[in-house]
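Structure first, then comments.
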Amino acid sequence: MDIEIPYNVKEREDTGLYNSKLGIWLFLASEIMLFGALFSTYIILRTGDPTWMLHVKEAHLNIPLATINTAVLILSSVTFVMSWVSLKLKDLDKFKMYMGITLLCSIIFLVIKYFEYTAKFDAGHYPSTHNFYAVYFTMTGLHGIHIIGGIIVNAYLWMPGTKMWNTDPERFTNRVEVAGLYWHFVDLVWIFLFPSIYLL
Amino acid sequence: MSDHNIESHIKVYWNVFFALIAFTLLTVGVSYIEFGSVFWTLFIGLGIACIKGYAVAGYFMHLNDERKGIYSVLILTVFYLFFLLFIPMIWRWGASNNTNDYIPYVGKDQYLKRDIINKKDY
């Protein structure tokens, strides 16, 4: 027996949105509070410690690598939006191409992060070393976990998930849009993390 | 969205991308400039981040032309976010009147001594 889930494609009259879009925005609202709490903690720890900048300077964070990572993540955002546009234009091949680039960018981001982390560990710097490292590893680590989550969903949409395109193209397009909103949010968090931790 | 509409959207997306890259380089560039005060350093650094954030949220996440339902969710979130970010600032303003009431934990083996705080060498 096939039961059709309502408002997967059609917009609800009261919200003007299809349900998963409202759902992802509510989820993102909770994510804003999660990262907001960490930023708030960061402000407390930083302003309360007169030696903070001393440790930042000693840490020698790799700004060129982090800048490349920022550019890579921004590129992945634009290719994601292009993959959604390709579905709107009913071009599945282009969708696969752009989504493939998005996935490649996200893996490059993680590889660069891996080199950054191992350099810190090799130098004997761990989250317990100083509050600065605790903030650095917690915030970039949580962001990294979000990247991994995004990769899993995006890889599903790129490979087995595309089956839905043949049966319910509009619903598949909406799925990609919703996954894209999450991905852009992850990019947005990095846009604030990068200057706060590496540059200021 | 009509096909013509989509074409113009594609142009916008790529323009936003190039703008974001340019602003990223600008953020890195200005971080090497001495502005003379912490306020201006933070204001300029985070100001550029806000512009980039607006570009991502407004264009890539389509918040510039979204339904009312989403705005009402987000207004509440933004209100609480500001509240959350201002708590430490308000707390610090109160604590700064008396430095001695707050001694931070700075490492796994040591607490910062009061006389080091008062020297303000850093």
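Throughout, read-outs are computed from the coordinates displayed, never taken from laboratory work. No experiment lies behind these values; they were computed from the predicted model shown. Here Cβ is always computed from backbone atoms with ideal geometry, including for glycine, and neighbour counts include all displayed protein chains.
Just checking, does segment A:39-52 include any residue being among the β-branched types (Val, Ile, Thr), over 23 Å from A:Thr118 (Cβ atoms), touching a residue at least 60 places away in the same chain (Cβ under 8 Å) and outside any loop (DSSP other than H, G, I, E, B)? Checked segment A:39-52: at least one residue is among the β-branched types (Val, Ile, Thr), over 23 Å from A:Thr118 (Cβ atoms), touching a residue at least 60 places away in the same chain (Cβ under 8 Å) and outside any loop (DSSP other than H, G, I, E, B). Restricting to segment A:135-150, name every residue that is buried (at least 18 other Cβ atoms within 10 Å of the Cβ) and hydrophobic (A, V, I, L, M, F, W, C). Residues satisfying the conditions are A:Val135, A:Phe137, A:Met139, A:Ile147.
Screening the candidates A:Leu22, A:Leu103 for the property of being over 17 Å from B:Tyr13 (Cα atoms), within 24 Å of the chain's Cα centre (by Cα), away from chain B (no Cβ under 12 Å) and part of a helix (DSSP H, G or I) yields one hit, A:Leu103. Considering segment A:7-19, the residues that are of a type outside the set (Phe, Trp, Tyr) and closer than 24 Å to A:Gly150 by Cα include one that is nearest to the other protein chains (Cβ to nearest Cβ), namely A:Leu17.
The residues of segment B:38-53 that are over 11 Å from the mean Cα position of the chain (by Cα) and facing chain A (nearest Cβ under 10 Å), listed by number, are B:Val38, B:Thr41. Six or more apart or on different chains, Cβ under 6 Å: which pairs go from a residue in segment A:183-194 that's at the interface with chain B (Cβ under 7 Å from one of its Cβ atoms) to one that's not in a helix (DSSP H, G or I)? Could you list them? Hits for this filter: A:His184/B:Met61. For segment B:9-64, which residues satisfy the criterion of being under 21 Å from A:Trp183 (Cα atoms) and aromatic (Phe, Trp, Tyr)? B:Tyr13, B:Trp14, B:Phe17, B:Phe18, B:Phe23, B:Tyr54, B:Tyr59, B:Phe60 - these are the residues of segment B:9-64 that are under 21 Å from A:Trp183 (Cα atoms) and aromatic (Phe, Trp, Tyr).
Results for (1) surrounded by 15 or more Cβ atoms within 10 Å (Cβ to Cβ); (2) among the β-branched types (Val, Ile, Thr); (3) farther than 18 Å from A:Phe80 by Cα, shown as yes or no for each residue.
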residue	(1), (2), (3)
B:Tyr13	yes, no, no
B:Ala19	yes, no, no
B:Phe23	yes, no, yes
B:Val28	yes, yes, yes
B:Phe35	no, no, yes
B:Thr41	yes, yes, yes
B:Ile44	yes, yes, yes
